[in-house]
Amino acid sequence: MQVNACIISGVQSEPEMDAVFKALADGTRRLVLDRLREHNGQTLRELCERVDMARQSLTQHLDILERAGLVTVLRRGRERVHYINPTPIHDIEQRWISVFDRPRLDVLRAIKNQAEEYAMTATVPSYVYVTYIHAGAEQVWKALTDADLTAQYWFHENVSDWQPGSPWEHRRADGSGTIDVVGTVLESEPPTKLVLTFEDSPEEDRSPSVVTFLVESYRDIVRLTVTHENLPNDQMLQGISRGWPAVVANLKSLLETGEVLPQAPWEMDSAAHA
């Protein structure tokens, strides 16, 4: 999904907003998004089967969705895998829906929860998040792997030698030495790709989830794609859907301004339910 930098930063221009609404105005493209919502992460061949459409026609619709930032595409070998990007729709919600009164929001939330429950009945999809950062690839890589930097924006130290096969630890930066996540480095290609297992409950008898950081340079900016796969249940999906955007927003702020956000962004959810 090709998301513009100002969309991710929360300042969406009118031409970019027009592209989102134009993409959503077509029933076929909404159907494509519905099929991705039911099963996120599909190849062109899989989508053709699910929407009963010729490859050429579907490719044209996917190009429009990608340009609008509603779909992101990751390469898996020779295949292109398509994922929903929730950011533009989230921006629409923030601009026009969240300002309404609480009863209306409660109704909308109930509808959303019902739709999500229906979508999750078969399987737990992978999670994909994309942002654009005004920084170099080496800076982003260092921000992901340097313990002192992760302590600033994540409040945890990511500790490893970052070699394939090496362990890594996600330690609290409060001096307690508490380790909240452990895992193994599966792939390490500085400064473009880092793949880790992610075990927040290592005592459970299940295979670990896997996180991939993909760093792509374009002139003076970087596109950072975070993919979290092999999720065990809906509860973890919901947790990381709140967690990853908050962590990446703090990382983005640190690299672009030299300072993290004035409040920890992941605290907003706790405050909202207090």
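Just one of the numbered conditions (1) in a helix (DSSP H, G or I); (2) in contact (Cβ under 8 Å) with a residue 12 or more places away in the chain; (3) over 17 Å from TYR83 (Cα atoms) is not true of ALA264: (1). Does VAL215 fit the bill of being surrounded by 19 or more Cβ atoms within 10 Å (Cβ to Cβ), touching a residue at least 40 places away in the same chain (Cβ under 8 Å) and under 20 Å from ARG76 (Cβ atoms)? Yes, satisfied. Annotation: of all residues in the range 33-45 being part of a helix (DSSP H, G or I) and over 13 Å from ASN85 (Cα atoms), the one that is least open to solvent (accessible area, probe 1.4 Å) is LEU44.
Kindly provide the set of residues from the range 77-106 that are in a strand (DSSP E or B) and either closer than 16 Å to VAL226 by Cβ or modelled with pLDDT under 80 (or both), ordered by number. First the steps, then the outcome.
In the first step, residues of the range 77-106 are kept if they are in a strand (DSSP E or B); the result is 79-84.
Those that are in a strand (DSSP E or B) and either closer than 16 Å to VAL226 by Cβ or modelled with pLDDT under 80 (or both): VAL81, TYR83, ILE84.
Among the residues of the range 64-73, are any modelled with pLDDT of 85 or more, open to solvent by 30 Å² or more (accessible area, probe 1.4 Å) and in a strand (DSSP E or B)? Checked the range 64-73: no residue is modelled with pLDDT of 85 or more, open to solvent by 30 Å² or more (accessible area, probe 1.4 Å) and in a strand (DSSP E or B). Scanning the range 50-81 for residues being under 18 Å from GLU16 (Cβ atoms), touching a strand residue (DSSP E or B) at 6+ places or on another chain (Cβ under 7 Å) and β-branched (Val, Ile, Thr) gives a total of 2. Screening TYR218 against (1) more than 18 Å from GLY41 (Cβ to Cβ); (2) at pLDDT 95 or above; (3) touching a strand residue (DSSP E or B) at 6+ places or on another chain (Cβ under 9 Å) leaves a single unmet condition, (2). Selection of the range 152-196 for residues being buried (at least 16 other Cβ atoms within 10 Å of the Cβ), in a loop (DSSP other than H, G, I, E, B), of a type outside the set (Ser, Thr, Tyr) and touching a Ser or Thr at 6+ places or on another chain (Cβ under 6 Å) yields only TRP162.
The single condition among (1) open to solvent by 50 Å² or more (accessible area, probe 1.4 Å); (2) closer than 27 Å to VAL226 by Cβ that LYS22 does not satisfy is (2).
The values are calculated or read from the model by the stated rules, or taken from the named source; none is laboratory data. Predicted, not measured: the structure shown is a model, and the values here were computed from it. Note that each Cβ is placed from the backbone with ideal geometry, even for glycine, and that neighbours are counted across all protein chains shown. All accessible areas refer to the heavy atoms of the entire protein, side chains included, with ligands and DNA or RNA removed. Shrake-Rupley method; radii C 1.70, N 1.55, O 1.52, S 1.80 Å.
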